[in-house]
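I have placed the structure first, in the form of structure tokens, so that the comments after it can refer back to it.
The values are calculated or read from the model by the stated rules, or taken from the named source; none is laboratory data. Small disclaimer: the values here were computed from a predicted structure and weren't measured. Neighbour counts are summed over all protein chains in view; Cβ atoms, including those assigned to glycine, are modelled from backbone coordinates with ideal geometry. Protein only, heavy atoms only, side chains kept; ligands, DNA and RNA dropped before computing areas. Shrake-Rupley method; radii C 1.70, N 1.55, O 1.52, S 1.80 Å.
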Amino acid sequence: MLRLLTTYFLLSLGLTLSCQSQEFECDGTAYIIVYTQSSGISTLYQVKEQNKSFNYTPIELSENRRLTSLSYNVLDKHLYALDVNTYELVRIDRNGIVTSVGVPANLDQGFIYNSGTISPDGSGIYMIGYNPEFGFDNKFYTINLSREDLYAGFLGVTGEARAEIHDFATDPTSGEMYGYDNLEGSLAQIGIGGQISSGGFPNNGVSYMDGLFFNQNGDLFGYAASRGFYAINKQNGQVEFLESGPEGTSGDACSCPYTSSFEKDVQPREILPCQEFEVVYSFNNKLGIGQTWVSLRDTLPVGFEIIDIKSKIITSVNIVESPPHILALDNLIYLMRDNEIVVTVRAPSDYIGPFESSATHWDFPKAFGTFQISDDEATEEINDPTTAMIIGEEDLDFNHFIEYSCDGKEVTISSPIEAESYLWSDGSQDERLTTNEGGWYTLMTQNDCVIYHDSVFISDFLDEKELVIQGLERVKIGATVILVATVNRGTPVIYKWYDGRDTIRCIDCASMTFTPVEDTNFELYIVDQQGCRLDAYFKVGVDIERDFYAATAFSPNGDGINDVFFLQSSTQGMIRKMSIYNRWGGEVFSADDVQLNESKSGWDGFYANGRTIDTGVFIWVAEIEYIDGLTESKSGTITLMAQN
């Protein structure tokens with residue numbers, strides 16, 4: 001109902017798209033808006049991120065405004081922002097056309113609104129109000145987009161300490177909101193009830209962040225108008241500088257990182273007449289919020305009969321009365337996870353050959369496709385029908401129903417069909433026969449549709465299953481190590497890697513990459529598709545040697561050789577602070593919390609504003625924290641030679 005009201009409101013304001021209006025696709029693209037004090041206006045940029053690298057292009061806006069609280073709306077696929085001077089909410093389309101939506105009722109215009117985000121369902125805009133009298137955030141607003149007056153209700157901000165959040169964003173994989181507290185210089189978690197919690201995140205030395213945004217993998221990034229782009233670890237709050245970006249006085253950021261997948265599988269894919277089989281509908285919800293009141297339909301060929309429905313979603317399934325070959329479900333609720341519905345179907349007795357169908361489900365926000373069509377996960381084609389085959393007993397291969405034990409010393413032969421009685425050549429009458437002897441084995445059985453009589457020959461038995469870990473056994477501290485697991489037979493379905501402290505280092509990883517800081521013992525256990533568990537152990541020794549290098553001269557002349565002065569080491573680490581001084585003690589360059597071995601974080605031989613510095617000898621001092629926690633103070637001289 002809320003979605004209908006919101007849609008009606010958008011219609012009533014004339015916010016539906018005209019022929020000229022262009023939408024922003026929800027494809028993980030980020031957007032940043034940068035305010036420059038000298039010009040007094042904001043500039044919008046489209047940002048494409050790939051492997052922590054950014055390409056950005058400007059989008060010219062139709063109106064000169066100072067905008068903040070940039071957000072993406074999944075209902076109409078447009079950007080929204082707040083005018084700092086007029087407190088108007090504006091909508092922006094892909095052509096940069098800015099349209100005023102109105103001033104939200106009850107929004108305190110004595111506050112400053114640096115941060116905002118639209119809820120993942122598009123129903124409201126969350127904004128945090130900064131109280132300039134108190135000097136910290138004081139109110140948490142929800143602007144109701146289903147009301148004509150855009151009423152802004154609020155709750156008081158609560159938390160362990162005072163905060164100043166300049167932006168926050170919703171994690172598409174969990175639905176949690178993360179913000180950056182500029183007072184504490186740390187990551188924070190935000191609740192829709194106004195809770196702001198540092199969650200134990202440390203002060204990481206980066207005192208200011210203008211905007212936050214997620215990509216489709218759930219990776220969190222930050223943007224600072226005075227510096228550029230950062231990667232933010234949402235587990236421990238650590239911040240890594242990546243590269244410079246559009247410069248300005250202040251800014252904001254947003255993205256539409258939401259994704260989902262709707263898959264349909266038939267198990268097994270080869271089915272006998274009258275056999276019962278399962279149709280599995282899977283919806284992986286990474287849309288930032290649970291999806292409600294969803295309807296699902298699927299039509300199988302006439303003669304197939306749906307006999308049972310099992311749901312792994314939060315609510316009971318509302319089954320709509322339909323013919324036995326049609327699946328009709330309403331009022332489904334999908335949580336932020338893998339949601340699964342398993343339907344048991346009986347094949348007809350008189351059908352031989354392939355059959356296929358696609359399922360549809362609907363009532364999603366516009367950005368996600370209101371109607372979604374299922375995909376066959378077994379093919380590379382997108383949104384294709386799921387295909388299976390009804391076969392006759394002559395098409396069955398008895399050899400496909402043989403399974404060896406984990407140690408390879410026994411074999412189990414299973415009946416290819418379900419029946420009320422079975423007769424094996426050794427006189428046993430169970431559905432399965434287990435033996436440790438070779439030779440011919442014959443089965444006779446039948447059910448209402450199929451008569452089966454076939455033999456299989458068991459010859460050699462197999463070696464015991466074995467798990468092996470391969471990798472470097474000794475490395476220098478800071479080196480990257482890759483451990484690879486291999487098995488001699490079987491297909492692992494579960495991997496768990498442990499270190500010597502019994503800490504899980506990786507789950508469901510056939511290989512593991514890590515950077516050891518001390519000798520580490522690893523244990524891996526796997527479980528394969530047969531249920532066999534295998535264990536293996538591996539030790540990596542670490543040589544603690546720290547080679548350090550700082551050039552004594554450099555020539556920033558643009559020839560690509562020795563153009564930048566930066567600190568290098570064989571050991572990974574952070575430069576917590578580096579300063580460079582001229583002979584009179586004046587600071588000409590400084591950098592905080594940058595990576596060792598990163599030339600882009602070094603000194604290019606110019607002042608920060610780009611002015612040329614006279615050649616000569618300069619003194620540098622640095623505080624370095626290595627990957628294992630050791631800190632060292634370093635200093636030296638650097639000679640600046642000819643510049644362009």
Quiz prompt | Residue under evaluation Ser349, criteria (1) in contact with a strand residue (DSSP E or B) (Cβ under 9 Å, 6 or more places away or on another chain); (2) on the phi < 0 side of the Ramachandran plot; (3) not in a strand (DSSP E or B), criterion not met | solution = (1)
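Condition test on Phe262, is it under 29 Å from Leu596 (Cβ atoms) and either in contact (Cβ under 8 Å) with a residue 12 or more places away in the chain or hydroxyl-bearing (Ser, Thr, Tyr) (or both)?
no
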Quiz item: Are there any pairs, at least 6 apart or on different chains, whose C-beta atoms fall under 6 Å, with the first in region 341-360 and touching a residue at least 40 places away in the same chain (Cβ under 8 Å) and the second among the acidic types (Asp, Glu) and open to solvent by 20 Å² or more (accessible area, probe 1.4 Å), and if so, which?
Solution: Val342/Glu278; Thr344/Glu276; Thr344/Glu278; Thr344/Asp308; Arg346/Glu276; Arg346/Glu305
Practice problem: Output the residues belonging to region 599-620 that are touching a Ser or Thr at 6+ places or on another chain (Cβ under 9 Å) and open to solvent by 60 Å² or more (accessible area, probe 1.4 Å). | Solution: Lys600, Ala608, Thr615, Val617, Ile619
Quiz item: What number goes with the only condition from (1) closer than 23 Å to Gly28 by Cβ; (2) open to solvent by less than 60 Å² (accessible area, probe 1.4 Å) that Phe140 does not pass?
Solution: (1)
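Filter region 85-98 down to the residues that are open to solvent by less than 50 Å² (accessible area, probe 1.4 Å) and not small (Gly, Ala, Ser) and list them by number.
Tyr87, Glu88, Leu89, Val90, Arg91, Ile92, Asp93, Val98
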Exercise. Would you please name the residue that is least open to solvent (accessible area, probe 1.4 Å), looking only at residues in region 479-520 that are of a type in the set (Ser, Thr, Tyr), more than 27 Å from Asp407 (Cα to Cα) and touching a residue at least 12 places away in the same chain (Cβ under 8 Å)?
Key: Thr520
Practice problem: Restrict the check to region 223-236 and report whether at least one residue is of a type outside the set (Val, Ile, Thr), within 30 Å of Glu377 (Cα to Cα) and crowded, with 16+ Cβ neighbours inside 10 Å. | Solution: no
Quiz item: Among (1) closer than 17 Å to Phe283 by Cβ; (2) open to solvent by less than 20 Å² (accessible area, probe 1.4 Å); (3) of a type outside the set (Phe, Trp, Tyr), where does Thr370 come up short?
Solution: (2)
Exercise. From the list Asn55, Asn73, pick out the single residue that is under 26 Å from the mean Cα position of the chain (by Cα) and free of Cβ contacts under 8 Å to residues at least 12 places away in the same chain.
Key: Asn55
Quiz item: Do any strands (runs of 3 or more DSSP E) entirely within region 142-205 hold 3 or more residues that are in contact with a Leu (Cβ under 6 Å, 6 or more places away or on another chain), touching a residue at least 40 places away in the same chain (Cβ under 8 Å) and among the basic types (Lys, Arg), and if so, which?
Solution: none
Practice problem: With a cut-off of at least 2 residues that are out of contact with any Phe, Trp or Tyr (no Cβ under 8 Å at 6 or more places or on another chain), name the strands (runs of 3 or more DSSP E) lying wholly within region 435-490. | Solution: 451-458, 467-470, 474-476, 481-487
Quiz item: Is it the case that some residue within region 437-456 is surrounded by 15 or more Cβ atoms within 10 Å (Cβ to Cβ), over 23 Å from Val527 (Cβ atoms) and of a type in the set (Gly, Ala, Ser)?
Solution: no
Quiz item: open to solvent by less than 30 Å² (accessible area, probe 1.4 Å) and farther than 30 Å from Phe214 by Cα - does that describe any residue in region 308-322?
Solution: no
Quiz prompt | Residues located in region 571-597, provided they are open to solvent by 50 Å² or more (accessible area, probe 1.4 Å), closer than 15 Å to Phe548 by Cβ and part of a loop (DSSP other than H, G, I, E, B) | solution = Gln572, Asn597
